[in-house]
Amino acid sequence: MAENLYIASLEPNSGKLVITLGVMEMLSRRVNRLGFFRSISPVAAEEDNHIQLMSSRFNLSLQPEQMVGVIHDQARAWIAAGEESRLFREIVAKFKQAEEECDFLLCEGPDISHLSDAFDYDISIRIARELGTPALYISSGYRATVPELLENIQVAEKTFRQLNCPLLAIMVNRVDAKIMDEAEQELRKQCDTGIAIDLLPEVESLAKPTMGEIVEALHADWFSGPKARLQRDVRDFKVAAMGPTNFLNYLEKDDLIITPGDRPDIILTTLGAIASKNYPSPVGMLLSGGLIPAPSIVKLLEGLDKLAISLYSVSSDTYRTAMNAAAVQGRLHPDNDRKIARALGMFEANVDIPALEEKIRVTPSSTMSPLMFEYSLFQQARQERKRIVLPEGDDDRILQAAEILRLRDVVDLTILGEENSLRSRAATLGLKLDGVTFIDPQTSKLRDEFAEIFFALRKHKGITMDAAFDNMRDFSCFGTMMVYKEMADGMVSGAAHTTANTIRPAFQFVGTPDDVLLVSSVFLMCMETRVLVYGDCAVNPNPNSEQLAEIAISSAKTAQMFGIEPIVAMLSYSSGSSGAGADVEQVRKGVEIARQRRPDLKIDGPIQYDAAIDATVASKKMPGSEVAGRATVFIFPDLNTGNNTYKAVQRSSGAVAIGPVLQGLKKPVNDLSRGCLVADIVNTVAITAIQARH
């Protein structure tokens, strides 16, 4: 088993951090104590963006100072003084200290763009050799031709061989999309066949700075508009020196407008363009020269509700401001979820992850963190692309989640709502929803067809054709009908509507398979080191014994679907035969029914929660039970107990609760909490896609 890996690059502009992030994401689902280390950092550890990103995303236990071998200036000084061996000795010592606290340590070699003539070309490979780590080499494909790509890799391969450093894989990053196929054929033909080679395309938006990065770099002061919406990428800069009439002809989507602060005509024209459907939406404005508009204009801006873009002021003149802004490079920041999702989506779509894992031969982890579970969800969902419909397009969280899902390339999405309005809102939020389909139930030709189907299905319940037509105005009902008609493989709703509004149409015409007695739900509880299944915490208030058995069997199936070994504990206030009473007997009977129906499952009860989850307690209360102390699936006796327990565990332990996940329907329809976060929506969509595969 490889316990470490070194990421090396010998060329500038390789986009190494994107690859490092992707490899860390891959490792995080299989490694308990994952660590990150930089052999030479350009800045102090606490200021290192790579370390900040890895620490925050992967919850690493190493402290920042433990993740750096040597700071760049110190390394340069030692080499200039002829003390290269001292440099290597310091890096190795720090690396080994960090390695002792990790199950796997990923080491990132020095960034060529920060090196100087004090460093030899091959220093990164020589560091890997000193550390004794196998290496993954990243070659830059930025603006390179196929012959240039081939030459770069051949030089690198030769250097690795000469220095006796094992090379596991090569990734050529930032390749022009037009030459990807030709480059791949040539590289595989002429390079070492024992080395895995992957090509990753240039993604321009990853190199583009955000509005927030420019504001930070230029030390700009807030003037007006939202302070929090600064994650939009800046595609280009427009210096507005001409009058409004001509300025509008040059305005393009995602521009950053730079204009002197005493040009209210440009400021108001830009705001008017954003409000108009006829002009693209810029990212924001920089007011140059240390000038601010006249008091009357300030008063006007203060009276406008919810400005769509931010206005910031800088002291430099317009020319200098434009030059300074153009010099800002885009980076992967820990708080930029969109750019991280885009980077991971590109990595996962272009890298043969199973082959890379085999090269590294990482021993699978015995635990599963929330991040590992999220990664596994995306991997499963991506294996067989499914179509998911989101009815609540007028909720910003849905649009934000849709962008992340598209960037991660997880599913095909249909969002319900008026397309122009939703795309305009997405542009205002700085979202890119390329590849997303929009359908407006109010005007869609499908509405008549769906109404006729609904009438045919529900006329025995007394519904009229007019009522059926009105029902199809409800977006959840329309979305569910898309699932019923196999125009979508699943639906996720509930961010802005009640649970009843989401699941009622599913009960009415999606229905359950013949062998399923009822629809129930589970929450996937992502604890610090494992994922547990809680059922039923959302649907059935007072299940009887037969229904409890059904919930247990359905929950076990759901657990297995998501890679969790189903060990089912049917809970009560008594364990084993220690107590009696109607409630206990109901659970005991439920256990008997479940065992009769599924003798292959590990099911036990009645059992108390502490005996189900804690091996020490289990040895005293239920010795000999194959479930006690090992349970992964917990079946609560009623909705009151289940709902309160999952919320108590979530709030007191910091567990991530994903759900409710509905189970028992012929086709997946899942409900969201109205207080859900964007991440909850993303995970629920991935879960729905996985359900649609089974």
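The values are calculated or read from the model by the stated rules, or taken from the named source; none is laboratory data. If you're wondering where the values come from, they're calculated on a predicted model, not measured in any experiment. In this analysis, Cβ positions are derived from the backbone assuming ideal geometry, glycine residues included, and neighbour counts consider all displayed protein chains. With ligands, DNA and RNA removed, areas are computed over all heavy atoms of the protein, side chains included. Shrake-Rupley method; radii C 1.70, N 1.55, O 1.52, S 1.80 Å.
Descriptive notes on the structure:
- Scan of the range 239-250 for residues that are loosely packed, with under 14 Cβ neighbours inside 10 Å and part of a loop (DSSP other than H, G, I, E, B), ordered by number: MET242, GLY243
- Residues that are farther than 18 Å from ASP233 by Cβ and either buried (at least 17 other Cβ atoms within 10 Å of the Cβ) or free of Cβ contacts under 8 Å to residues at least 24 places away in the same chain (or both) within the range 280-290 comprise LEU287, SER288, GLY289, listed in sequence order.
- Flag if GLU565 is within 30 Å of GLN379 (Cβ to Cβ) and among the charged types (D, E, K, R): yes
- Selected residue (only one of ALA75, ALA144 is free of Cβ contacts under 8 Å to residues at least 60 places away in the same chain and in a loop (DSSP other than H, G, I, E, B)): ALA144
- When residues of the range 215-229 are limited to those that are in a loop (DSSP other than H, G, I, E, B) and touching a strand residue (DSSP E or B) at 6+ places or on another chain (Cβ under 6 Å), the one surrounded by the most Cβ atoms within 10 Å (Cβ to Cβ): ALA220
- Within the range 1-33, considering residues that are under 15 Å from PHE95 (Cβ atoms) and in contact with a helix residue (DSSP H, G or I) (Cβ under 7 Å, 6 or more places away or on another chain), the one surrounded by the fewest Cβ atoms within 10 Å (Cβ to Cβ): ALA2
- When residues in the range 403-427 are screened for being in a helix (DSSP H, G or I), out of contact with any Gly (no Cβ under 6 Å at 6 or more places or on another chain) and not basic (Lys, Arg), 9 of them pass.
One line per residue, one yes/no per condition, for (1) among the aliphatic types (A, V, I, L, M); (2) touching an Asp or Glu at 6+ places or on another chain (Cβ under 6 Å); (3) within 26 Å of GLU202 (Cβ to Cβ):
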{"residue": "SER9", "(1), (2), (3)": "no, no, yes"}
{"residue": "LYS16", "(1), (2), (3)": "no, no, yes"}
{"residue": "ARG29", "(1), (2), (3)": "no, no, no"}
{"residue": "LEU34", "(1), (2), (3)": "yes, no, no"}
{"residue": "ASN49", "(1), (2), (3)": "no, no, yes"}
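- Candidate set: the range 557-571, residues that are in a loop (DSSP other than H, G, I, E, B) and of a type outside the set (Phe, Trp, Tyr); chosen: the one surrounded by the fewest Cβ atoms within 10 Å (Cβ to Cβ): GLU565
- Looking only at the range 296-317, and only at residues there that are open to solvent by less than 30 Å² (accessible area, probe 1.4 Å) and in a helix (DSSP H, G or I), the one that is nearest to ALA183 (Cα to Cα): LEU301
- Considering residues of the range 477-530 that are small (Gly, Ala, Ser) and within 25 Å of the chain's Cα centre (by Cα) only, the residue nearest to LEU377 (Cα to Cα): GLY490
- Filtered by the rule that a residue be assigned to a loop (DSSP other than H, G, I, E, B) and not hydrophobic (A, V, I, L, M, F, W, C), the range 428-457 gives GLY430, LYS432, ASP434, GLY435, ASP440, PRO441, GLN442, THR443, SER444, LYS445.
- Test: THR480 is touching a residue at least 24 places away in the same chain (Cβ under 8 Å), under 30 Å from ILE658 (Cα atoms), of a type in the set (Ser, Thr, Tyr) and not in a helix (DSSP H, G or I): no
- Selection count where residues are of a type in the set (Ser, Thr, Tyr) and either under 24 Å from GLU213 (Cβ atoms) or in contact with a strand residue (DSSP E or B) (Cβ under 9 Å, 6 or more places away or on another chain) (or both), scope the range 257-311: 5
- Residue match in the range 153-172 (condition: hydroxyl-bearing (Ser, Thr, Tyr), surrounded by 17 or more Cβ atoms within 10 Å (Cβ to Cβ), at pLDDT below 90 and assigned to a helix (DSSP H, G or I)): yes
- Yes/no for ARG320 being of a type in the set (Lys, Arg), out of contact with any Ser or Thr (no Cβ under 6 Å at 6 or more places or on another chain) and surrounded by fewer than 18 Cβ atoms within 10 Å (Cβ to Cβ): yes
- Residue within the range 329-339 that is at pLDDT below 90 and either over 29 Å from ASN173 (Cα atoms) or among the polar types (S, T, N, Q) (or both) present: yes
- Residues of the range 520-538 classified as under 29 Å from PHE478 (Cβ atoms) and surrounded by fewer than 23 Cβ atoms within 10 Å (Cβ to Cβ), total: 1
- Condition check for ALA500 on (1) surrounded by fewer than 22 Cβ atoms within 10 Å (Cβ to Cβ); (2) in contact (Cβ under 8 Å) with a residue 40 or more places away in the chain; (3) of a type outside the set (Lys, Arg): one failure, at (2).
- Restricting attention to the range 624-635 and to residues that are at pLDDT 90 or above and more than 31 Å from the chain's Cα centre (by Cα), the residue that is most open to solvent (accessible area, probe 1.4 Å) turns out to be GLU626.
- If you filter the range 582-600 down to residues that are open to solvent by less than 20 Å² (accessible area, probe 1.4 Å) and in contact (Cβ under 8 Å) with a residue 40 or more places away in the chain, you find that the one that is nearest to VAL627 (Cα to Cα) is VAL591.
- Residues being assigned to a helix (DSSP H, G or I) and more than 35 Å from the chain's Cα centre (by Cα) - total across the range 251-286: 6
- Filtered by the rule that a residue be surrounded by fewer than 18 Cβ atoms within 10 Å (Cβ to Cβ) and basic (Lys, Arg), the range 260-279 gives a lone residue, LYS277.
- Note on the range 53-63: among residues that are open to solvent by less than 40 Å² (accessible area, probe 1.4 Å) and either under 18 Å from GLY654 (Cα atoms) or not aliphatic (A, V, I, L, M) (or both), the one that is nearest to the chain's Cα centre (by Cα) is PHE58.
- Residue within the range 651-660 that is closer than 13 Å to VAL539 by Cα, touching a Ser or Thr at 6+ places or on another chain (Cβ under 6 Å) and buried (at least 21 other Cβ atoms within 10 Å of the Cβ) present: yes
- For the range 661-694, filtering for residues that are small (Gly, Ala, Ser) and open to solvent by less than 10 Å² (accessible area, probe 1.4 Å) leaves 2.
- Residue selected from the range 503-518 under the condition of a type in the set (A, V, I, L, M) and crowded, with 23+ Cβ neighbours inside 10 Å, by the criterion farthest from GLY393 (Cα to Cα): ALA506
- Selection status of GLY579, crowded, with 17+ Cβ neighbours inside 10 Å and not polar (S, T, N, Q): no
- Of all the residues in the range 365-402, those that are of a type in the set (Gly, Ala, Ser), assigned to a loop (DSSP other than H, G, I, E, B) and at pLDDT 85 or above number 1.
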